[in-house]
Amino acid sequence: MGLALSPRWGTAAAPRIVKVKAFEFAYEPKQITVPPGAVEFDVTNTGSIEHTFLIDDPAKKTVGKIASILPGKTEKLTVTLRAGAHTIYCDLAGHREAGMIASLKVQP
Ligand SMILES: [Cu+2]
C-alpha cells in the first residue's frame with residue numbers, strides 16, 4: 001500500500017468552521033447545515049451597530065451565545081451540536097423581529 005493520506009473530517013480535534021456575517025438586520029447565510037459535533041462559528045459584524053449571536057436548540061434552550069460583537073469585529077463561538085433544527089438570532093431589542101434570524105440544521 002502507498003502513503004495515501006486519508007483526511008479525517010469530523011474528528012473531535014478539528015471542529016468545522018462556519019463563517020457568518022451579522023449586520024442590520026440579517027445574518028448571512030440565512031440557512032446553515034452542519035453535521036452533529038463540534039462547530040466553530042466565526043461571526044463578523046459587517047454592520048454599523050452592535051449585534052449578538054445566539055443558538056437555540058430544538059427545545060428552544062440556548063446552547064451558545066456571543067453577547068456582543070462590535071462593528072468590524074469577529075467573535076468566535078465553539079459549540080457541540082446534536083441533530084435537529086436550531087435557530088440563530090440576535091437578542092438585542094427588535095433585531096430578531098427585524099430579520100436577524102437564521103436557520104441552523106444539524107443533520108448527519
Ligand atoms: Cu442585532
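Derivation of every value follows stated rules applied to the coordinates shown; laboratory data play no part. Model, not experiment: these values are computed from the prediction. Cβ atoms come from the backbone with ideal geometry, glycine included; neighbour counts cover every protein chain shown.
Observations on the model:
- Estimated from the Cβ-Cβ distance and a Förster radius of 22 angstrom, the FRET efficiency linking residue 78 and residue 33 is about 0.80.
- On the beta carbon distance between residue 60 and residue 17, with R0 = 25 Å, the FRET formula returns roughly 0.45.
- Working note: 222 nm ellipticity from helices only, DSSP H runs with n ≥ 4, each -39,500 (n - 2.57), summed and divided by the residues of the chain, gives -500 deg cm²/dmol to the nearest 500.
- The chain: most fluctuating residue of 67, 93, 85 per GNM, C-alpha cutoff 10 Å: 93
- Straight-distance candidates among the lysines for linking to residue 105, with alpha-carbon spacing under 16 Å and chain neighbours fewer than 8 residues away dropped: 19, 30, 60, 61.
- Overall Cα dimensions of the chain, principal axis frame, Å, largest first: 59, 31, 19
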